[in-house]
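What follows is a set of notes on a single structure, which appears directly below.
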Amino acid sequence: MCGIFAYVGEEQAAPILMEGLSALEYRGYDSAGLCVGGRCVRSVGAVEQLRARLGDTMLAGKSGIAHLRWATHGEPSEQNAHPHADCGQHVFVVHNGIIENFRELREKLAAAGHRFASETDSEVLARLIEAHRRAGADLEQAVCLALKDVRGTYGLAVSCAEEPGTIIAARMGAPIVVGMGERAHFVASDPSPILAHTKHVLYLEDGEVAVLTAKAHRVFSLDGTKVSRDVETIEWGVEQIQKSGFDHFMLKEIMEEPDVIENTIRGRLIPGQGRAKLGGLDSVAERLAKVKRIVVVGCGTAFYAGQVGEYMLEEFAGIPVEVEVGSEFRYRTPILEEGTMLLAISQSGETADTLEAIREAKRQGALTIGIVNTVGSTIARETDAGIYNHAGPEIGVASTKAFISQLTALALLTLFLGRQRTMSEAVGKRIANELLALPLKLEHILLQHDELCALALRYKDARDFLYIGRKYNYATAFEGALKLKEVSYLHAEGCGAGEMKHGPLAMIDKNFPTFAIALQDSVYEKMRSNIQEIKARRGPVVALATEGDTGLADLADDVVFVPPTLEMLSPILAVVPLQLFAYYISVARGLNVDRPRNLAKSVTVE
Ligand code: F6R
């Protein structure tokens, strides 16, 4: 959410910054801008519009800062686009986060004669730095003093026309990664724009500042204490953040799903013993054996993964589980008694709501575990231990392969915790063997992409859509609806099939289609009854059925098949046709699949 990129080195900065912005575009596309050599160019819209605005403008200079905005304070406009400058156009700032006390600071600064050009909270940062410089501080001191004045969250980069060889970056609650090139340094919100230049990075922690020149870097905390931080190596290759011949990242990422499962389970199963081996949990294995209750926290797709996990963990590990969205968790009075563990699920590892839930759990002394895709991210670092998804970078704003990997990781965790408790070896072996069989089954589903495309064309003009499921596929229904909403802007609702009769059935008529997940599992007969109820109201039904089930063809208008698997693993297969259906509807409606309006990847504001 909001993307920052900065460069200082020996090359011309502008082309490097533009290329970096393209790689970061999934983080925000309301407006874009860059500043090189004390000159800013900004535009509404995404990188292409900025490129057009730049035209032949030569921005000469070997350092600069750039930004992609996801609007919080102030509409997407050129005035509100970053970089923001001080009154004298000397200091420039790009910012991701929210300055909570910006109104009060703005009033004070305005009273002191500062004139504001935008409605953003971020502009006060440039003005505060200016105020401290006017009072005699050098750039570095002025940045630190300004950061002490603000309350809220920031990941930022600062440049100054009078010190063109220096970039200053700082972090509080919004991620900042520093790329360590050869005679060059980079600053970014995540590693993707850095990968083309170097795989060596260091992550800033909250309250830290980095001062970067082409040849040197210095990291210190806001109180001035020097910080020495290990340089880490990013595992991702640059090809993983490219479309590689696919029309969209969303399609590429769905097509990667068989590999994703393989990568998530690689080296983590002992099928002969029916066990999971999770190196990331070794350090807390004894504490895990004593866990009496699990609270799962996540947002959006990660929350739905958590809901599937609840069924897995309760049925097979015998541990009571509650699942909650991160944005609500800490606003009630969560009670995490001894023996409660918090399990946070997050693709980006940066979601502010989830992160705050972890911090609350830690304050209460609970063990915190993460299922996180992004290595080195804040959630990965702040949890006590965890399982990396190994899904590779997810660029499409709508989460697809990450969901598959989250479910797979939850199945591994269930196996791990279950075998620590009462799960028999036979059950463990069955789960392990079925996990190993999933990639092939998933490949088989993906072969049906043409049929799903045709199905999408038949339903693309529906205005509303209902998704229903029960038990393990209760959450799958909500995830299917979320995918459709996000990428097609159609009204879609998830509903527990058993809840239909308590209200939602009233919406059903011949124009309101339902996607019913009706696999041959323990709730199959109930699902059939729910489909009958919809058909009796003339609602069109697309049924998701188990291969070989001929009994749904008469009942439903359309049937999509997935191979049989264990009920607990069935959401991993069932969600794939729902993802493809949403994708093809979005394409058929001519929408921007990878960058749905109003959204951005990695939600680092609360
Ligand atoms: C949906 C989607 C979002 C994210 C949510 C949590 O397609 O992408 O709902 O799942 O913002 O993000 P992470 O997993 O990064 O914490």
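Looking at the structure I just gave you, is THR213 of a type in the set (Val, Ile, Thr) and without any contact (Cβ under 8 Å) to a residue 40 or more places away in the chain?
Numbers: of a type in the set (Val, Ile, Thr): yes; without any contact (Cβ under 8 Å) to a residue 40 or more places away in the chain: no.
The answer is no for THR213.
Could you list, in sequence order, all residues of region 236-248 that are closer than 26 Å to ILE167 by Cβ and open to solvent by 50 Å² or more (accessible area, probe 1.4 Å)?
Across region 236-248, the qualifying residue is only VAL238.
Yes or no: region 378-394 includes at least one residue that is basic (Lys, Arg), closer than 25 Å to ALA600 by Cβ and more than 13 Å from the ligand (Cβ to nearest atom). Break it down stepwise before answering.
Looking only at region 378-394, we keep the residues that are basic (Lys, Arg), and these are 381.
Checking which are closer than 25 Å to ALA600 by Cβ leaves us with 381.
Still in the running and more than 13 Å from the ligand (Cβ to nearest atom): 381.
Within region 378-394, one or more residues are basic (Lys, Arg), closer than 25 Å to ALA600 by Cβ and more than 13 Å from the ligand (Cβ to nearest atom).
Pull up region 316-337, narrow it to residues that are in contact (Cβ under 8 Å) with a residue 40 or more places away in the chain and closer than 23 Å to GLN420 by Cβ, then point me to the one that is nearest to the ligand (Cβ to nearest atom). Break it down stepwise before answering.
Going through region 316-337, the residues in contact (Cβ under 8 Å) with a residue 40 or more places away in the chain turn out to be 316-319, 327, 336-337.
Still in the running and closer than 23 Å to GLN420 by Cβ: 316-319, 336-337.
Details: PHE316: 24, ALA317: 23, GLY318: 27, ILE319: 23, LEU336: 20, GLU337: 26 Å.
Per the stated criteria, the residue is LEU336.
Among the residues of region 347-364, are any assigned to a strand (DSSP E or B) and under 27 Å from GLY494 (Cα atoms)? Working first, answer last.
Taking region 347-364 as the starting set, the residues that turn out to be assigned to a strand (DSSP E or B) are none.
Scanning region 347-364 turns up no residue that is assigned to a strand (DSSP E or B) and under 27 Å from GLY494 (Cα atoms).
Could you list all residues from region 35-50 that are touching a Lys or Arg at 6+ places or on another chain (Cβ under 8 Å), of a type in the set (A, V, I, L, M, F, W, C) and at pLDDT 95 or above? Reasoning before the result, please.
Going residue by residue through region 35-50, those that are touching a Lys or Arg at 6+ places or on another chain (Cβ under 8 Å) are 41-43, 46, 50.
Within this subset, residues satisfying the condition of being of a type in the set (A, V, I, L, M, F, W, C) are 41, 46, 50.
Matches in region 35-50: VAL41, LEU50.
Report whether or not ASP521 is touching a Ser or Thr at 6+ places or on another chain (Cβ under 7 Å) and modelled with pLDDT of 95 or more. Lay out the reasoning, then the answer.
Numbers: touching a Ser or Thr at 6+ places or on another chain (Cβ under 7 Å): yes; modelled with pLDDT of 95 or more: yes.
For ASP521, the condition - touching a Ser or Thr at 6+ places or on another chain (Cβ under 7 Å) and modelled with pLDDT of 95 or more - is met.
Answer yes if at least one residue in region 399-406 is touching a residue at least 24 places away in the same chain (Cβ under 8 Å), of a type outside the set (Asp, Glu), away from the ligand (no atom under 15 Å from the Cβ) and not in a loop (DSSP other than H, G, I, E, B), and no otherwise. It would help to see each step written out before you state the result.
Let us first name the residues in region 399-406 that are touching a residue at least 24 places away in the same chain (Cβ under 8 Å), namely 399-406.
Keeping just the survivors that are of a type outside the set (Asp, Glu) gives 399-406.
If we keep only those that are away from the ligand (no atom under 15 Å from the Cβ) too, we end up with none.
No: zero hits.
Could you tell me which residue of region 292-307 is farthest from the ligand (Cβ to nearest atom), considering only residues that are out of contact with any strand residue (DSSP E or B) (no Cβ under 7 Å at 6 or more places or on another chain) and closer than 14 Å to ILE371 by Cα?
In this case the residue turns out to be TYR304.
Residue under question is ARG103, and the condition is that it be open to solvent by 20 Å² or more (accessible area, probe 1.4 Å) and within 31 Å of the chain's Cα centre (by Cα); does it hold? Reasoning before the result, please.
Numbers: open to solvent by 20 Å² or more (accessible area, probe 1.4 Å): yes; within 31 Å of the chain's Cα centre (by Cα): yes.
Here the answer is yes, as ARG103 does meet what is asked.
What number of residues within region 466-511 satisfy the criterion of being touching a helix residue (DSSP H, G or I) at 6+ places or on another chain (Cβ under 7 Å), within 16 Å of the ligand (Cβ to nearest atom) and not charged (D, E, K, R)?
Qualifying residue count for the region: 12.
Go through region 571-592 residue by residue and tally those that are at pLDDT 95 or above and either within 14 Å of the ligand (Cβ to nearest atom) or open to solvent by 10 Å² or more (accessible area, probe 1.4 Å) (or both).
We begin by selecting, within region 571-592, every residue at pLDDT 95 or above; these are 571-591.
Still in the list and also either within 14 Å of the ligand (Cβ to nearest atom) or open to solvent by 10 Å² or more (accessible area, probe 1.4 Å) (or both): 575, 578-579, 582-584, 586-591.
Total meeting the criteria: 12.
Mind checking which residues of region 54-78 are closer than 17 Å to PHE92 by Cβ and surrounded by fewer than 20 Cβ atoms within 10 Å (Cβ to Cβ)? Can you show your working first?
Our first condition is that a residue be closer than 17 Å to PHE92 by Cβ; within region 54-78, this holds for 54, 57, 59-69, 78.
If the condition is that a residue be closer than 17 Å to PHE92 by Cβ and surrounded by fewer than 20 Cβ atoms within 10 Å (Cβ to Cβ), then LEU54, THR57, ALA60, LYS62, GLU78 are the ones that fit.
Would you mind stating whether ALA210 is surrounded by fewer than 22 Cβ atoms within 10 Å (Cβ to Cβ) and among the aliphatic types (A, V, I, L, M)? Don't jump to the end; show me each part of the working.
Numbers: surrounded by fewer than 22 Cβ atoms within 10 Å (Cβ to Cβ): no; among the aliphatic types (A, V, I, L, M): yes.
Answer is no for this residue.
Going through region 407-418 one residue at a time, which ones are more than 16 Å from the ligand (Cβ to nearest atom) and either more than 31 Å from the chain's Cα centre (by Cα) or polar (S, T, N, Q) (or both)?
In the first step, residues of region 407-418 are kept if they are more than 16 Å from the ligand (Cβ to nearest atom); the result is 411-418.
Within region 407-418, just THR414 meets the criteria.
Among the residues of region 365-377 satisfying the criterion of being assigned to a loop (DSSP other than H, G, I, E, B) and among the hydrophobic types (A, V, I, L, M, F, W, C), which is farthest from the ligand (Cβ to nearest atom)?
Within region 365-377, the subset assigned to a loop (DSSP other than H, G, I, E, B) is 365-366, 373-377.
If we keep only those that are among the hydrophobic types (A, V, I, L, M, F, W, C) too, we end up with 366, 375.
On the way: ALA366: 19, VAL375: 13 Å.
Once the filter is applied, the top-ranked residue is ALA366.
Can you name the helices (runs of 4 or more DSSP H) wholly within region 445-554 that have at least 1 residues being under 24 Å from MET255 (Cβ atoms) and open to solvent by 50 Å² or more (accessible area, probe 1.4 Å)? Step through it out loud before you land on a result.
Details: elements: 449-459, 474-488, 524-535.
Because the criterion is at least 1 residues that are under 24 Å from MET255 (Cβ atoms) and open to solvent by 50 Å² or more (accessible area, probe 1.4 Å), the helices (runs of 4 or more DSSP H) in region 445-554 that meet it are 449-459, 474-488.
Restricted to region 25-44, and to residues that are of a type outside the set (Asp, Glu) and closer than 20 Å to ALA398 by Cβ, which residue is surrounded by the most Cβ atoms within 10 Å (Cβ to Cβ)? Full working, then the answer.
Within region 25-44, the first condition is being of a type outside the set (Asp, Glu), and the residues that meet it are 26-29, 31-44.
Next, from what is left, pick out any that are closer than 20 Å to ALA398 by Cβ: 26-29.
Details: TYR26: 24, ARG27: 30, GLY28: 26, TYR29: 28.
Only one residue tops the list, namely ARG27.
Within region 291-308, how many residues are in contact with a Pro (Cβ under 8 Å, 6 or more places away or on another chain) and open to solvent by less than 10 Å² (accessible area, probe 1.4 Å)?
Taking region 291-308 and keeping what is in contact with a Pro (Cβ under 8 Å, 6 or more places away or on another chain), we get 292-295, 308.
Cutting the leftovers down to open to solvent by less than 10 Å² (accessible area, probe 1.4 Å) gives us 294-295, 308.
The number of residues fulfilling the criteria is 3.
Against the conditions (1) surrounded by fewer than 21 Cβ atoms within 10 Å (Cβ to Cβ); (2) of a type in the set (Gly, Ala, Ser); (3) under 24 Å from LEU336 (Cα atoms), where does GLY224 fall short? Just the number, please.
Result: GLY224 passes all but (3).
Which one of the conditions (1) at pLDDT below 95; (2) on the phi > 0 side of the Ramachandran plot; (3) of a type outside the set (D, E, K, R) does GLY274 fail to meet, given that it meets all the rest?
(1)
The values are calculated or read from the model by the stated rules, or taken from the named source; none is laboratory data. These figures come from a predicted structure and were not determined experimentally. FYI the Cβ positions are ideal-geometry reconstructions off the backbone, even for glycines, and counts take in every protein chain you see. These accessible areas exclude ligands, DNA and RNA; they are computed on the full protein's heavy atoms, side chains included. Shrake-Rupley method; radii C 1.70, N 1.55, O 1.52, S 1.80 Å.
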